[in-house]
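Enquirer: Structure provided below as structure tokens; questions to follow.
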Amino acid sequence: MATSKSNYICQECGAVSAKWAGKCEACNAWNSIVEEIVESGPPKGVRSQKGRAIIFSDLKTKTKNIKSRHTTGIAEFDRVTGGGLVDGMALLIGGDPGIGKSTILLQAVCALAQKGVKCAYVSGEESEDQIRMRAERLELIEAPVQLASTGNVRDIITSMETEALDLVVIDSIQTMYIDNIESAPGTVTQVRTSAQELIRIGKKRGICVLLVGHVTKEGQLAGPRVLEHMVDTVLYFEGERGHPFRILRAVKNRFGPTDEIGVFEMAEKGLVEVPNPSEIFLAQRQEDVSGSAVLAAIEGTRPVLVEVQALVASTSFATPRRAVVGWDMGRLSMILAVLEARCGMNFADSDVYLNIAGGLRIQEPGADLAIAAALISALTGAVIPSETVFFGEVGLAGEIRPTMQMDLRLKEATKLGFKEAICPANPSKKKSYPAGAAPIKHISDLVSRLQMEPKKVVAF
Ligand code: TYD
Ligand code: MG
């Protein structure tokens, strides 16, 4: 017999605790624990008698469900999904509210529907008219997409069982509910169970399920993190508010590579692909300004050139401020410490601000050298030549470590008119350097390259 009891569940990570607390012990999120009523004992519908024996199959058995990949024709979207959507796959697209998740999915689904894929768009947030208005604005009103406005998972599942569908969009999973669960929509129990049921039916019938998940900082709604392990592919839609650029990033993909990005620009008529992001990211660059360095980064399989901006100003605080947009704070502290200890530079009395221009979030350590160059330039006031790019990892001893995909980075830099690349020295010494490569071994070489006097170089 099933009985109901209260559980306290973290809406960020799904951890369950016996009593309420201000901070989740598992993920350290504050104010994210909410009381939920859960049924203990066997859930309704599960038979108490013995189960049936499973029919096993071997590896050679032909895959039934996966016919081919459905490509949308939106190249930036297709690349991030690893070459298109697969039948029966469960995809989660997470992001802040208002970032453009509904827009990108409507565009993708309309493109697929026009190619003959039978698509349904179920929204628990917007009315059918609202979706229609959005489609009108995107000039996609002719696409044969079936619309529905509901949050009832039971109804959606019945429709998935009876209608001939290839793909269903659920916008958003936090508005979905199963009526025999007492918790409100958006709680961990509802979100998890709804997603589980939808994914299960999708897999069974070979229907691709695209789930939208809002990221909420306040923990009022269960975040996409509680679903990440249940789905095949997780995409995050990122972007800075006030910037038109949006980056779609694959963080998990059972059907393709991760760390791949797709770059879009939010325009009047929806999201427009940015096939050459480097040009856009560098378009606003001001030359002859100190504190600006160009990084030749690799995002997924693609080289991207992006401007790193640093500002060093004398502080009026007892503890100088360090602020970062688009990069890791811990890594900034490390680069500052290396510059202080190995090159004798002094940032102790200054506030340091670092920004990756254009709203891109860089994660690779190959950005270290460009960050160091921007910081040195900001501190000394010396302007970095506008035709120079940087890449390379900086070690704690100040040594410059090699990074992957050197050729790809250099090719992109040459394509965009850059003449010189300050990069790591090749450890094997066998391969000759491509034209324009200026290899360095130590961070102090960077200081002298930028024609600044190193104050005190500590040899390692
Ligand atoms: P939306 O897709 O509704 O975001 P989400 O589903 O992630 O919450 O995007 C809404 C924002 O996008 C809104 O601020 C308006 C803007 N937008 C445009 O600028 N152009 C467009 O063509 C559309 C459809 C939206
Ligand atoms: Mg939306």
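Derivation of every value follows stated rules applied to the coordinates shown; laboratory data play no part. Quantities reported herein were computed from a predicted structural model and do not represent experimental measurements. We place every Cβ from the backbone using ideal geometry, glycine too, and count neighbours over all the protein chains shown.
Enquirer: For E299, list long-range residues whose amide hydrogen, built 1.01 Å from N in the peptide plane, is under 5 Å from its own amide hydrogen.
Expert: V304
Enquirer: Which value at 222 nm does the chain reach when only helices count, each DSSP H run of 4 or more adding -39,500 (n - 2.57), with the total divided by all residues and rounded to the nearest 500 deg cm²/dmol?
Expert: Helix contribution divided over all residues of the chain: -7000 deg cm²/dmol.
Enquirer: Further, regarding this structure: Within a 10 angstrom radius of the beta carbon, how do V383, V226, V263, V212 rank from fewest other beta carbons to most?
Expert: Ranking V383, V226, V263, V212 by Cβ neighbours within 10 Å, fewest first, gives V383, V226, V212, V263.
Enquirer: Using amide H atoms built 1.01 Å from N in the peptide plane, name the residues 5+ places from S183, or on other chains, whose amide H lies under 5 Å from its own.
Expert: Close amide H contacts, sequence-distant or interchain: I37.
Enquirer: Taking amide H positions as placed in the peptide plane 1.01 Å from N, state which residues far from R254 in sequence (5 or more) or on other chains have amide H under 5 Å from it.
Expert: T233
Enquirer: Shifting gears a bit: What are the equivalent ellipsoid semi-axes of region 157-272, built from the alpha-carbon gyration tensor (square roots of five times its eigenvalues), in whole angstrom, biggest first?
Expert: They are 26, 19, 14 Å, listed from largest to smallest.
Enquirer: Let me ask another. Check each of the trypsin sites (Lys or Arg not before Pro) in region 135-226 and keep only those in coil by DSSP with at most 13 other C-beta atoms within 10 angstrom; list them in order.
Expert: K217
Enquirer: If I model a spin label at N276 and E136 as a point 7 Å from the Cα along the Cα→Cβ vector, what separation in nanometres do I get?
Expert: Rounded to a tenth, the inter-label distance reads 3.7 nm.
Enquirer: A further question on this structure: Given the Cα-Cα distance of S333 and S386 and 0.36 nm per residue of separation, how much length would full extension add, in nm?
Expert: Separation in residues times 0.36 nm, less the Cα-Cα distance, equals 16.5 nm.
Enquirer: Give me the tail of P(r) for region 269-339 as a percent: Cα-Cα pairs with distance above 19 Å.
Expert: 51 percent
Enquirer: Relative to the present Cα-Cα distance, how much length would full extension add between D288 and R205 at 0.36 nm per residue of separation?
Expert: Gain in length upon complete extension: 23.9 nm.
Enquirer: Applying the Karplus parametrisation 6.51 cos²θ - 1.76 cosθ + 1.60 with θ = phi - 60° to the phi angles of region 416-425, what ³J(HN,Hα) value in whole Hz is obtained for each residue in order, glycine and proline being reported as x?
Expert: Ordered by residue, 3J(HN,Hα) equals 9, x, 7, 9, 9, 10, 7, 9, x, 6 Hz.
Enquirer: Also: For region 119-167, what does the alpha-carbon gyration tensor say about shape, rounded, prolate or oblate, given a ≥ b ≥ c as the root eigenvalues, a/c under 1.5 as rounded, and a/b over b/c as prolate?
Expert: Oblate.
Enquirer: Moving on to the next point. For region 292-386, report the translational diffusion coefficient in µm²/s to the nearest whole number, using Stokes-Einstein at 20 °C, 1.002 mPa s, and a Kirkwood Rh over Cα pairs.
Expert: This corresponds to a translational diffusion coefficient of 158 µm²/s.
Enquirer: Sort M89, M404 so the one with the fewest other Cβ atoms within 10 Å of its own Cβ comes first.
Expert: M404, M89
Enquirer: May I pose another question? Antiparallel as a % of all DSSP beta bridges within the chain, to the nearest 5?
Expert: Counting only bridges with both partners in the chain, antiparallel ones make up about 55 percent.
Enquirer: Estimate the FRET efficiency between S448 and A148 by the formula 1/(1 + (r/R0)^6), using the beta-carbon distance for r and 60 Å for R0, to the nearest 0.05.
Expert: Working from the Cβ atoms, E equals 0.35.
Enquirer: Can you compute log10 of I(q)/I(0) for region 75-275 with the Debye formula, treating each Cα as one identical point scatterer, at q = 0.13, 0.14, 0.16, 0.18 Å⁻¹?
Expert: Log-scaled intensity ratios, in q order: -0.64, -0.76, -1.02, -1.34.
Enquirer: A further question follows. Rg/Rh for region 280-449: what does it come to with C-alpha atoms and Rh from Kirkwood?
Expert: A ratio of 0.94.
Enquirer: If I stretch the segment between E182 and S68 completely, what's the gain in nm (0.36 nm per residue apart, minus their alpha carbon distance), one decimal?
Expert: Length gained between E182 and S68: 37.0 nm.
Enquirer: Can you give the alpha-carbon Rg of the chain over 2.2 N^0.38 Å, where N counts its residues?
Expert: Dividing the Cα radius of gyration by 2.2 N^0.38 Å gives 1.14.
Enquirer: Going by C-beta contacts inside 10 Å, put E364, E268, E182, E25 in order with the fewest on the left.
Expert: By the 10 Å Cβ count, ascending, the order reads E268, E25, E182, E364.
Enquirer: Hey, another quick one. Which Cys residues of the chain have no other Cys Cβ less than 4.7 Å away and so no disulfide-compatible partner by this rule?
Expert: Singleton cysteines: C110, C119, C208, C343, C423.
Enquirer: If you don't mind, there's one more thing I want to ask. Pop a pseudo-label 7 angstrom from the Cα along the beta-carbon direction at both V16 and V251 and give the gap in nm to one decimal.
Expert: With each label placed 7 Å out from Cα toward Cβ, I get 2.4 nm.
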